[in-house]
Amino acid sequence: MDGEDLKPLACETVERALAAGARTAEVSVVRETEFSVLVREGRIESLVESGSRRIGIGLSVDKRTSHVTSTDLSGESIGRLVRDGVELARIMDRDEYAGLPEPEELGSAGADLGIYDERTASLTARERIDAAMDLERTALGLDRRIISDGASCSTSILARAFANSLGFCEAYRSSGSSLVVSLAAEDRPASGENTGKKKSSWWYSTAVSFDGLDPVEAVAGRAVERTLRKLGAIRPRTCEAPVVFDPVTARDFVRWIAAAAGGGSIYRKSSFLVDMLGKRVGSPLVTIVDDPLLPGRPGSRPFDREGVRPRRTEVVTGGVLESYLLSSYQARKLSLATTGHAGGPSNIHLEAGESDPGDIIASVGEGLYLTSLSGPGANWSTGDFSQGAQGIWIRGGRLAEAVDGFTVTGTFPRMLAGIVMVGSDLEWRGAVNAPTFKVDSMTISGT
């Protein structure tokens, strides 16, 4: 089913909410099927296949709002849910900013976004199990030192209908697939109880369609490479040095910038980007875009969670903050217009630059190639940044020894301003993406 069969229920529930006393109503009906298999050492360790349906109702009475949900889609259950929602709204505090989007903002993308694949929906369990088995077997065959921590294959199919009391009623369906493998290798053999040491890493591929996933040889090869390059890691000396973010850590960075630019963070004044619209926040090399209209991308969508028509949004253009990411409610709080981001970002990315990733590394005499970040120290509210890290030391423009057990420290404003090279290697591996980039100087706290 393509979601069209869910539209009558969404529209009917809107009418029931209005008849029960709601001033405005919006209803989302979702049907989802998911499959996930995890294999380890050639055996199935877990297999989950599930299907679910749910309905979410948001309604208002005199600028007082409530939201209720249920997995029971029977008429009797929805009737109770609507009545409970109206009663709950009547006791909530009044909020002058509550309400539906402006009617002219509503709409659906006119073109087929290519976010649903029929072949993925018709895969057999055996095909998905074989893909996970093949991935693990391939990884183990690449190097005798490799130990498997498991390989998985997952798929999902979603159909969603949305309706509101302004007359909007649309539906769409989407699909997703992923392959993931997690590996380890002995870094120090055990000489007694609890004395051994292993290094671990992983790699993955995600796509709208199963056939769009990277070949298992490519996924396994990247995972093996990332695991083995951690062997023999040492702790670097404390210093100030250039830092090259690989595409994985660069994606983490863009994800934090998206959170800082989110309307909730802005109107609560919990972001370093508050009051920065139209001002320079980064290097001229920095352009960050969110685009829900990109064909075949995992974050693409024909409308947002409020039924607002999607559009390309340049968050940062040439280092200047051009837009926040706003729902209708957030926009009203800030006296701005919605950007179609109820539900968050879609395909947000740092646009590719002109530098070859190898040239970026070659430009560093002494510094860090950053491959992993961990910990809670990325504070987009204050702008402070301090994360546990792993990577490879760069010496004389070449990758040298692996390093770990240190922190990398700076501030988001300083890091954005200090981006001096941006790579051409933008890879699409989800809804948040970025190429390699180089920050001119950060504090590395090691020995």
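Worth a mention:
- Qualifying residue in region 263-280 (condition: outside any strand (DSSP E or B), at pLDDT 95 or above, under 28 Å from residue 155 (Cβ atoms) and of a type in the set (Lys, Arg)): no
- The set of residues in region 209-218 being farther than 15 Å from residue 427 by Cβ and in a helix (DSSP H, G or I) consists of 210, 211, 216, 217.
- Checking residue 447 against (1) surrounded by fewer than 16 Cβ atoms within 10 Å (Cβ to Cβ); (2) without any contact (Cβ under 8 Å) to a residue 40 or more places away in the chain, the condition it does not meet: (2)
- The residues listed here are 77, 108; of these, the one that is within 21 Å of residue 338 (Cα to Cα), in contact with a strand residue (DSSP E or B) (Cβ under 9 Å, 6 or more places away or on another chain), in the same structural domain as residue 176 (by TED's automatic domain parsing) and among the hydroxyl-bearing types (Ser, Thr, Tyr) is 108.
- Any hit, region 122-132, residues being buried (at least 16 other Cβ atoms within 10 Å of the Cβ) and not in a helix (DSSP H, G or I): yes
- From the list 137, 144, 188, the lone residue that is under 29 Å from residue 35 (Cα atoms), surrounded by fewer than 19 Cβ atoms within 10 Å (Cβ to Cβ) and basic (Lys, Arg) is 137.
- Each residue in region 406-430 was checked for being at pLDDT 95 or above and either within 23 Å of residue 222 (Cα to Cα) or not assigned by TED's automatic domain parsing to the domain that holds residue 273 (or both), and 5 of them qualify.
- Sub-8 Å Cβ pairs linking a first residue in region 266-283 that is of a type in the set (Lys, Arg) to a second residue that is part of a loop (DSSP other than H, G, I, E, B), at least 6 apart or interchain, are 280/319, ordered by first then second residue.
- Any hit, region 396-416, residues being buried (at least 16 other Cβ atoms within 10 Å of the Cβ), out of contact with any Lys or Arg (no Cβ under 7 Å at 6 or more places or on another chain) and in a loop (DSSP other than H, G, I, E, B): no
- Residue 345 meets each of the listed conditions (1) in a loop (DSSP other than H, G, I, E, B); (2) surrounded by fewer than 17 Cβ atoms within 10 Å (Cβ to Cβ); (3) at pLDDT 95 or above apart from (2).
- Note on region 219-245: among residues that are within 23 Å of the chain's Cα centre (by Cα) and in a helix (DSSP H, G or I), the one that is farthest from residue 197 (Cα to Cα) is 219.
- Some residue of region 304-320 being within 30 Å of residue 10 (Cβ to Cβ), in contact (Cβ under 8 Å) with a residue 12 or more places away in the chain and touching a Lys or Arg at 6+ places or on another chain (Cβ under 9 Å): yes
- Just one of the numbered conditions (1) under 27 Å from the mean Cα position of the chain (by Cα); (2) in contact (Cβ under 8 Å) with a residue 24 or more places away in the chain; (3) under 30 Å from residue 33 (Cα atoms) is not true of residue 68: (2).
- Residues within region 302-349 that are among the aromatic types (Phe, Trp, Tyr) and in contact with an Asp or Glu (Cβ under 9 Å, 6 or more places away or on another chain), tallied: 2
- Considering only residues in region 295-304 that are buried (at least 19 other Cβ atoms within 10 Å of the Cβ) and not aromatic (Phe, Trp, Tyr), the one that is nearest to residue 177 (Cα to Cα) turns out to be 298.
- Residues of region 1-43 satisfying the condition of being modelled with pLDDT under 95, surrounded by 15 or more Cβ atoms within 10 Å (Cβ to Cβ) and part of a helix (DSSP H, G or I): none
The values are calculated or read from the model by the stated rules, or taken from the named source; none is laboratory data. Being a predicted model, the structure only gives us computed values, none of them experimental. Counting neighbours? That spans all protein chains shown, and the Cβs are built from the backbone with ideal geometry, glycine included.
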